[in-house]
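Visitor: Below is a structure I'd like to ask you about.
The values are calculated or read from the model by the stated rules, or taken from the named source; none is laboratory data. Being a predicted model, the structure only gives us computed values, none of them experimental. Please note: Cβ atoms are built from the backbone with ideal geometry, for glycine as well, and neighbour counts cover all protein chains shown.
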Amino acid sequence: MFNAARLRGGCFGNPHSDNPTSSASTELVERTRAAILRHFNASPREYAVIFMPNATGACRLVGESYPFRPGSRLVLTIDNHNSANGIREFAQSRGAVVQYVPVHPPELRTGTDEIRAALTRRRRRRGLLVFPAQSNFTGVQHPLSWIELAHEHGYDVLLDAAAYVPANPLDLGEVHPDFVPVSWYKVFGYPTGVGCLLARWEALARLNRPWFAGGTIQTASALGGWHVLAEDETAFEDGTLNFLSIPDVEAGLSRVSGIGIDLIHQRVTCLTGWLLDRLRDMRHAGGSPLIRLYGPQGTVRRGGTVAFNVLTPQGKVADERIVARDATARRISVRTGCFCNPGAAEGAFTITEKALTRSVGRARTLDDHLRLLGLPSGGAVRASLGVVSNLRDVERLVAFLEETYRDRTPDDRGLRPRERC
Ligand SMILES: Cc1ncc(COP(=O)(O)O)c(C=O)c1O
């Protein structure tokens, strides 16, 4: 039952007390945990669902609690959202070694051999491998077989599933990542402010929470200076849960299972294929391409995230702010920039470490930084396809690009400074 009907029909209080309004909330929250486990075919004996405000909160929880110390290693694909990249700050500050594994053109993938080599490097303690199941920049779907590989090498795995689960089945009976961050608004568009960390009980037992809070403990003493964490997943949930919105996740999941995640996957794949075909085929009258695509050009092992730049008839990259401005005028929402994934952007625009070092400390604004790097634009343009997208959306985007930019030099007057990448 969605929010309005449920709120009209019941009275709900803060969960985990013994009173009718509290019990009503507790029951719905627990039902939602069970629905999430079912959705991912995860056994409650193996996995816990920890409610978080979003995927970022889930990454932070793992980062701040993971037992990083000298002798342990954090391995990340360079293709990671900043919410996963941020884990490195916890690792570095506690003396762990951090290693990024690069992506390579043309598809901007990472080789399994490179992951294996990184996992094989000498270490004295358990390590953590962090990678996205689907890149939020290129749409690349990284191999889930890396999970088992990492386990064989004594690593835990954080599989960032935020961009993957909206249109792909994730079977946690088949693959067994230790930590899986998810944001639910990415799956059904609503509710915001509700995400979760799916975590293996065994891996959770290795985490050390650096603090406690209301809701996380069985008991604590102010005078005595001690506390005892709760024995279940609530040890990782801080304060009052978003108990009025969490039940909407159960409703959303039942909508998804009504359609079928495999059907959603198929539909998004078809739409992505059509969009990629059209973008690849677009040409100026002189025959030069109108679009430069980043990442895989076809639908094999990739999702519905399509990143590109518009090219002028002279073959120059058009400033991404022009495309954002013109698309907005046509009421089309595209995202521009590096999409909080600087590593994939550095791979896509072949930015070298040397160039990056050159700009450190010299750039005062994002525009300065881009100038020092010698980049023609501040990033790419991204169109994302999902369960609500249809063929008309694809056709409208294609028509907009053709009508606005074919055989024309884009008008770059009046662009405002960039504020974030
Ligand atoms: C792959 C990936 N990971 C993590 C995040 C962070 O999600 P949120 O901002 O909902 O916490 C995003 C958001 O776009 C993402 O695409």
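Visitor: Taking Ala150 as the residue in question, decide whether it is more than 20 Å from Ala58 (Cα to Cα), surrounded by 24 or more Cβ atoms within 10 Å (Cβ to Cβ) and hydrophobic (A, V, I, L, M, F, W, C). Steps first, answer last, please.
Guide: Numbers: more than 20 Å from Ala58 (Cα to Cα): yes; surrounded by 24 or more Cβ atoms within 10 Å (Cβ to Cβ): yes; hydrophobic (A, V, I, L, M, F, W, C): yes.
The answer is yes for Ala150.
Visitor: Right, another one. Which residues, taken from the stretch 94-141, are within 14 Å of the ligand (Cβ to nearest atom), of a type in the set (Val, Ile, Thr) and not in a loop (DSSP other than H, G, I, E, B)?
Guide: To start, the set of residues in the stretch 94-141 that are within 14 Å of the ligand (Cβ to nearest atom) comprises 130-141.
Next cut, of a type in the set (Val, Ile, Thr) only: 130, 138, 140.
Hits for the stretch 94-141 are Val130, Val140.
Visitor: Next question. So, restricting to strands (runs of 3 or more DSSP E) that lie completely within the stretch 225-335, which ones have at least 2 residues that are under 30 Å from Leu170 (Cβ atoms)?
Guide: Details: elements: 227-229, 291-294, 305-310.
Where strands (runs of 3 or more DSSP E) fall fully within the stretch 225-335 and carry at least 2 residues being under 30 Å from Leu170 (Cβ atoms), they are 291-294, 305-310.
Visitor: Under 21 Å from the mean Cα position of the chain (by Cα), away from the ligand (no atom under 16 Å from the Cβ) and either at pLDDT 95 or above or crowded, with 19+ Cβ neighbours inside 10 Å (or both): which single residue out of Asn80, Asn41, Asn54, Asn85 fits that description?
Guide: On the way: Asn80 fails: away from the ligand (no atom under 16 Å from the Cβ); Asn54 fails: away from the ligand (no atom under 16 Å from the Cβ); Asn85 fails: away from the ligand (no atom under 16 Å from the Cβ).
Answer to the selection: Asn41.
Visitor: Is there a residue being within 16 Å of the ligand (Cβ to nearest atom) and either more than 25 Å from Leu76 (Cα to Cα) or over 27 Å from the mean Cα position of the chain (by Cα) (or both) anywhere in the stretch 370-377?
Guide: Applying the first criterion (within 16 Å of the ligand (Cβ to nearest atom)) to the stretch 370-377 yields none.
Scanning the stretch 370-377 turns up no residue that is within 16 Å of the ligand (Cβ to nearest atom) and either more than 25 Å from Leu76 (Cα to Cα) or over 27 Å from the mean Cα position of the chain (by Cα) (or both).
Visitor: So Ala117 clears everything in (1) out of contact with any Phe, Trp or Tyr (no Cβ under 9 Å at 6 or more places or on another chain); (2) on the phi > 0 side of the Ramachandran plot except one condition, right? Which one?
Guide: The one condition Ala117 does not meet is (2).
Visitor: Go through the stretch 198-210 and report how many residues are basic (Lys, Arg) and either near the ligand (Cβ under 10 Å from one of its atoms) or surrounded by fewer than 20 Cβ atoms within 10 Å (Cβ to Cβ) (or both). So that I can check it myself, show each step before the final result.
Guide: First, the residues of the stretch 198-210 that are basic (Lys, Arg): 200, 206, 209.
With the extra rule that they be either near the ligand (Cβ under 10 Å from one of its atoms) or surrounded by fewer than 20 Cβ atoms within 10 Å (Cβ to Cβ) (or both), the set shrinks to 206, 209.
Selection size over the stretch 198-210: 2.
Visitor: So which of Ser384, Ser333, Ser389 ends up being away from the ligand (no atom under 16 Å from the Cβ) and polar (S, T, N, Q)?
Guide: Values: Ser384 fails: away from the ligand (no atom under 16 Å from the Cβ); Ser333 fails: away from the ligand (no atom under 16 Å from the Cβ).
That would be Ser389, the only listed residue that is away from the ligand (no atom under 16 Å from the Cβ) and polar (S, T, N, Q).
Visitor: Now for a separate question. Working carefully through the options Thr357, Thr350, find the one that is over 29 Å from Ala162 (Cβ atoms), modelled with pLDDT under 95 and among the polar types (S, T, N, Q). Quick ask: steps written out before the conclusion?
Guide: On the way: Thr350 fails: over 29 Å from Ala162 (Cβ atoms).
Being over 29 Å from Ala162 (Cβ atoms), modelled with pLDDT under 95 and among the polar types (S, T, N, Q) holds for just one of Thr357, Thr350, which is Thr357.
Visitor: Just a yes or no: is a residue in the stretch 109-118 over 25 Å from Gln92 (Cβ atoms) and surrounded by 18 or more Cβ atoms within 10 Å (Cβ to Cβ)?
Guide: Yes, because at least one residue in the stretch 109-118 is over 25 Å from Gln92 (Cβ atoms) and surrounded by 18 or more Cβ atoms within 10 Å (Cβ to Cβ).
Visitor: Among the listed residues Ala307, Ala235, which satisfies the condition of being within 27 Å of Phe339 (Cα to Cα) and touching a strand residue (DSSP E or B) at 6+ places or on another chain (Cβ under 6 Å)?
Guide: Ala307
Visitor: Sticking with this one: Could you list, in sequence order, the residues of the stretch 145-197 that are part of a strand (DSSP E or B) and within 16 Å of the ligand (Cβ to nearest atom)?
Guide: Of everything in the stretch 145-197, those that are part of a strand (DSSP E or B) and within 16 Å of the ligand (Cβ to nearest atom) turn out to be Val157, Leu158, Leu159, Asp160, Phe179, Val180, Pro181, Val182, Ser183, Gly195, Cys196, Leu197.
Visitor: Here's something else I'd like to know. List, please: which pairs have Cβ atoms under 7 Å, are six or more places apart or on different chains, and start with a residue in the stretch 84-98 that is over 13 Å from Val130 (Cα atoms) and among the polar types (S, T, N, Q) and end with one that is surrounded by fewer than 19 Cβ atoms within 10 Å (Cβ to Cβ) and modelled with pLDDT of 95 or more?
Guide: From the stretch 84-98, the pairs are Gln92/Val98.
Visitor: Quick check on this structure: which one of Arg371, Arg396 is assigned to a helix (DSSP H, G or I) and closer than 30 Å to Cys270 by Cβ? Working first, answer last.
Guide: Values: Arg371 fails: closer than 30 Å to Cys270 by Cβ.
Arg396 is the lone residue from the list that is assigned to a helix (DSSP H, G or I) and closer than 30 Å to Cys270 by Cβ.
Visitor: Now for a different question. Among the residues of the stretch 316-329, are any touching a Leu at 6+ places or on another chain (Cβ under 8 Å), among the basic types (Lys, Arg) and farther than 18 Å from Thr404 by Cβ?
Guide: Looking through the stretch 316-329, none of the residues is touching a Leu at 6+ places or on another chain (Cβ under 8 Å), among the basic types (Lys, Arg) and farther than 18 Å from Thr404 by Cβ.
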